[in-house]
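Where a number appears in this text, it was derived from the coordinates with a stated rule and is not lab data. The structure displayed is predicted, hence computed values, not measured ones. Cβ: placed from backbone, ideal geometry, glycine included. Neighbour counts: every protein chain shown.
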């Protein structure tokens, strides 16, 4: 276990900490932006998906991805606090999994809308998220 008052820190904990901080910032900012500028995001997405099979469900997609981004980001941030204070890392794991689901949803949307450059940008985030998941060792 790791805590602020313990020196029993492993490289796995360090990786989980930094990946979780990074993804927490990324997903909380992205979700918060969708809430703060909902109309702007909705208008942009409606244009983005106007020629795709998803054009009629854009508001539902925006609500869903916002919920997933905020949940995954929050779990990562709260998970970092849990790791530092109590030595727990389950919240970080759940955050990573929800972030992986979010990234798959985003990737699907980018591919369907034929925004291949946008889809390519997500690959790095996905690799980092999967690397984070791989830091967990299950018996």
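Quick notes on this one:
- Rounded to 10°, Cα long-axis angle of helix 116-134 versus longest principal axis of the chain: 20 degrees
- Gain on full extension, evaluated as 0.36 nm per residue between residue 137 and residue 9 minus their Cα-Cα distance, stands at 44.5 nm.
- Residues residue 43 and residue 108, FRET efficiency given R0 of 25 Å [Cβ-Cβ distance, rounded to 0.05]: 0.75
- Convex hull volume per residue in cubic angstrom - Cα atoms of the range 22-134: 86 Å³
- Compared with the dominant principal axis of the Cα atoms in the chain, helix 11-36 is inclined by about 30°.
- Projected label points at residue 36 and residue 60, each 7 Å from Cα along the beta carbon direction, are separated by 3.0 nanometres.
- In this simple spin-label approximation, residue 117 and residue 22 carry label points 7 Å from Cα along the Cα→Cβ vector, and these lie 2.4 nm apart.
- Taking 67, 45 and counting other C-beta atoms within 10 Å, the order from fewest to most: 67, 45
- Axis angle, to the nearest 10 degrees, between helix 38-48 and the longest C-alpha principal axis of the chain: 60 degrees.
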